[in-house]
Every structure is written in C-alpha cells, then in structure tokens.
Amino acid sequence: MKHSMRITARLFSLCLVLSITGNLYAHPIFSQAPKTHRYYYYPRQNVYYDPVENIYFVWERTYWKPVYYIPGRYVSITYSNSPRFELWIASKHPYYYNPEHRRTYYEYRVVKPAQARVVVESRPKPNVSFHLEINSAPLPQPVYAEKHVVLVKDHHDNGYHHGHGHGREHRH
C-alpha cells in the first residue's frame, strides 16, 4: 500500500511539474501592441523633436545627441518656415530609422545652390573695359575706360655703334 502511494505521488508530482513548465512557454492569447511615441521630424535640418519630453535629437558628427535647446546651426527650425512631419514610432530612439526618413522626405531637404555660372566675354566692347559677369545683375552698368597715350623716348645710338652694344666692359 505504501509502495502504490509512493508511485501515485511521484506520478502526480511529475504531471504537476510538466504542466507548470509547459505553461511557462505559452504565449498569452491577447498580446498588447507596442507603445508608440510621437516625434516631429524636420528634414531640412535632419532633426527629431519629442514634444512630450521636450527634447531634440541632433546629429553630432558620430552620434545622435539629445538636447533641450537647439544648437546655433539649427536655428532655422521653427513651426512656421520649416517642413515638419509627425512620426509615430514604436521606439524611444527615432533616429534608428533615419536612413529611411531621409529617403522618404528627400525632396523636402535643403537643396544646395548650384555653382555660380561664370560668363567671360572673349572680346571687350569698344570704350568699355573688360568685365566678368557672375550671376548677372538686373541691369549691369558699363565701365568706361579712357584712352591714355604714353610717350617713351627711345635710346638711339645715333649711328655710331651700328646696332651693337657698348662693349664688354660697359653694362647697364
């Protein structure tokens, strides 16, 4: 009798252990969706803003830096003159998705101005000095040059040296 109770107790404890360990790896039927956070992305400056925490995320050469005040190079960020996009991200680090955001909002980034086109006239206009036209002004004003004549007295040998120099010993 004792022997059969021991076997029954062991069998019961084995079933209990197996049922407990089986439930440890079971997933709940209703799982919660991950919490999303709202950020504003400014593509012109490539900056993120968290309105709840009042923190900006700016790129500092090799890492993303959270700051409370915008550094001087980002002062053009305002709600009125810079495009802003609201992002809902399931992460506290919106910059993890920065390559995707840069591709998505590429057309809103600041376009660098084209190189200034230099137009050079090949022949100066008569009575007008040579001028270089860079980003032509609405009405360029001509620059007038006066003609100057400079007389230089030539050194003549009066026919005594027949076009030859003064000799070895004489130097100018």
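Since every read-out is calculated from the coordinates, none of them should be taken as a lab result. From a predicted model like this one, the values you see are computed outputs, not experimental measurements. All Cβ positions, glycine included, derive from the backbone under ideal geometry; neighbour counts span all protein chains shown.
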- Message: How big is the dipole moment of the range 37-108 about its Cα centre under a simple scheme where the beta carbon of each Lys and Arg is +1, that of each Asp and Glu is -1, and everything else is neutral? Debye, nearest 20, please.
- Response: 160
- Going by a ≥ b ≥ c, the root eigenvalues of the Cα gyration tensor, does the range 37-108 fall in the rounded group (a/c under 1.5), the prolate group (a/b larger than b/c) or the oblate group? rounded
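Taking the beta-carbon count within 10 Å as an exposure proxy, list Phe57, Phe85 from fewest neighbours to most.
Phe85, Phe57
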- Note on the structure: In this structure, the FRET efficiency calculated for Asn81 and Lys35 from their beta-carbon separation, with R0 = 30 Å, to the nearest 0.05, is 0.40
- Modelled label-to-label distance, Trp88 and Lys65, 7 Å Cα→beta-carbon offset: nm? 3.3
